[in-house]
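Student: Following this message is one structure expressed as structure tokens.
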Amino acid sequence: MSGTQSLRVLVLIGWTLAPATAALAQGTAADYERANGLRSKYASLVVDIAGAATWIDNTHHFWYGRLNKGVYEFVLYDADTQQKRPAFDHEKVATALSKPPAIRTPHAISRSPPSRSPMTSAPST
């Protein structure tokens, strides 16, 4: 067998086995579940992993999120003073979000329909 024939045979074997090896490399559902569980398993151990920065309009300020011991927090950074601080009071927002919303609409408050709708009233002269 000549060198080019040997090469052709090797290429043919490679093309034949490539799909089989790709199929073997595919993970099982259990593999994917285990991989997805790694984030929750190790998130509480991670300290100060910053996300992408987002500049605030035409200022020298930007904000970013960071993962710190399993808690995602938002940070505001001033590029002029090189100071960073929480973007907002995280505990206050968490407390407010944990309460059920107070939905107040004019119909819910008065329990009667409005006498005239602005959409159906006659135009003023």
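The values are calculated or read from the model by the stated rules, or taken from the named source; none is laboratory data. Quick caveat, the model's predicted, so the values are computed rather than measured. Neighbour counts run over all protein chains shown; Cβ positions are idealised from the backbone, glycine included.
Student: Is there any pair with a first residue in the range 11-34 that is part of a loop (DSSP other than H, G, I, E, B) and of a type outside the set (S, T, N, Q) and a second that is at pLDDT below 70 and loosely packed, with under 10 Cβ neighbours inside 10 Å whose Cβ atoms are under 6 Å apart and which are 6 or more apart or on different chains, and what are they?
Tutor: none
Student: Right, another one. Checking the condition over 23 Å from the mean Cα position of the chain (by Cα), modelled with pLDDT of 85 or more, surrounded by fewer than 12 Cβ atoms within 10 Å (Cβ to Cβ) and among the aliphatic types (A, V, I, L, M), which residue from Ala30, Ala25, Ala79, Ala35 passes?
Tutor: So the residue among Ala30, Ala25, Ala79, Ala35 that is over 23 Å from the mean Cα position of the chain (by Cα), modelled with pLDDT of 85 or more, surrounded by fewer than 12 Cβ atoms within 10 Å (Cβ to Cβ) and among the aliphatic types (A, V, I, L, M) is Ala30.
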